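The values are calculated or read from the model by the stated rules, or taken from the named source; none is laboratory data. Here the structure is a predicted model, which means the values were calculated and not measured. Methodologically, a virtual Cβ is constructed for each residue, glycine included, from the backbone with ideal geometry; neighbour enumeration extends over all protein chains shown.
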Amino acid sequence: MNKIRILIIEDEEAASKRLQKMIAELMPEAIIINAIDSIETAVKWFNTYPQPNLIFADIHLADGSSFEIFKQVQIDCPIIFTTAYDQYALQAFELNSIHYLLKPVKKDDLTKAIERFNKLYANTQTPAQDISKVLSALSKQPTTYKERFVIRFGEHIKTIETHDIAYFYTENKANFAVLKDGKRYPIDNNLDELDHLINPKMFFRINRQFIISYPSIAEMVSYSKARVLIKLNPPSKYETIVSTERSPQFKQWLAGE
């Protein structure tokens, strides 16, 4: 049997490695030919190499939506998207025979997606997927963002409003929300999950450790390699620098684009 050639498009290294590990367990007949982390790199790859048999693509990449890739290159193989959209929005994928996995990806869900792929793979006449229809369907879905968080510390439970949060950060594998008044609370969601739960017009993930709100920016200073050093209000004990790969999108976000 020929090896099934798989391409992964995912900008979070931990999520990519976890997905690769699960694929290796569930699809021993497969070979992961590459793991790509940006739109630009993916477009160059597709213009250079033959298409794989299957693609796993995260919808939200650091440099934009992975749908931008499929606007620039013609893809004829099945795609399994990973996404944090709710079930209502995911109807858009189902209606157009697009596979999806809700993040964080669970092994049982991946198993079902692979089973569906195997049925398609056995059929050499599998049609190309129409990404434009998915984009159109998704654009009609209402977008809602998390308005408050439930905080648990000891025996106590309280809620905090999202608009009162200055920034989120991770420390020693724990996640925290810092309020505008400087108070800090532990939260259950990691930064990957928060990326999809909070309003992207108000919050931006500047690196792997921090998601900041626009009002929390006290000062910005040009840094090396086109990066930006940010001084936060309330202050953080960590140096907060916009990573190189996120700097172009950060500047667009500042401009409200």
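Quick grid of which residues meet (1) at pLDDT below 85; (2) hydrophobic (A, V, I, L, M, F, W, C); (3) touching a Gly at 6+ places or on another chain (Cβ under 7 Å):
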residue: Gln141; (1), (2), (3): yes, no, no
residue: Ile160; (1), (2), (3): no, yes, no
residue: Glu193; (1), (2), (3): yes, no, no
residue: Ile206; (1), (2), (3): no, yes, no
residue: Glu219; (1), (2), (3): no, no, no
Quiz item: Only one of these conditions is not met by Tyr88: (1) in contact with a helix residue (DSSP H, G or I) (Cβ under 7 Å, 6 or more places away or on another chain); (2) at pLDDT below 85. Which number is it?
Solution: (1)
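Residue-wise test of (1) over 18 Å from the mean Cα position of the chain (by Cα); (2) within 16 Å of Val105 (Cβ to Cβ).
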| position | (1), (2) |
| --- | --- |
| Leu26 | yes, yes |
| Ile33 | yes, no |
| Lys44 | yes, no |
| Tyr49 | yes, no |
| Asn53 | yes, no |
| Phe56 | no, yes |
| Ile59 | no, yes |
| Ala62 | no, no |
| Phe67 | no, no |
Quiz item: Which of (1) farther than 25 Å from Arg148 by Cβ; (2) surrounded by fewer than 17 Cβ atoms within 10 Å (Cβ to Cβ) does Asn207 not meet, given it meets every other one?
Solution: (2)
Exercise. Filter the stretch 41-73 for residues that are in contact with a Leu (Cβ under 7 Å, 6 or more places away or on another chain) and under 25 Å from Met27 (Cα atoms) and give the result.
Key: Pro52, Ile55, Phe56
Self-check item: Filtered residues of the stretch 46-77 (kept if farther than 14 Å from Ile9 by Cα and touching a His at 6+ places or on another chain (Cβ under 8 Å))
Solution: none
Quiz item: Quick one: what pairs do we get from the stretch 223-242, first residue at negative phi, second aliphatic (A, V, I, L, M) and assigned to a loop (DSSP other than H, G, I, E, B), C-beta under 7 Å, 6+ apart or different chains?
Solution: Ile230/Ile206; Thr240/Ile206; Val242/Ile206
Quiz item: For the stretch 46-65, which residues satisfy the criterion of being crowded, with 17+ Cβ neighbours inside 10 Å and modelled with pLDDT of 85 or more?
Solution: Phe46, Pro52, Asn53, Leu54, Ile55, Phe56, Ala57, Asp58
Self-check item: Evaluation of Asp11 against (1) surrounded by 15 or more Cβ atoms within 10 Å (Cβ to Cβ); (2) part of a helix (DSSP H, G or I); (3) acidic (Asp, Glu) (one fails), failing number
Solution: (2)
Self-check item: Qualifying strands (runs of 3 or more DSSP E) (wholly inside the stretch 178-219; at least 2 residues being of a type in the set (Phe, Trp, Tyr))
Solution: 203-205
Practice problem: For Ile198, indicate whether it is surrounded by 13 or more Cβ atoms within 10 Å (Cβ to Cβ) and either closer than 30 Å to Arg18 by Cβ or not hydrophobic (A, V, I, L, M, F, W, C) (or both). | Solution: yes
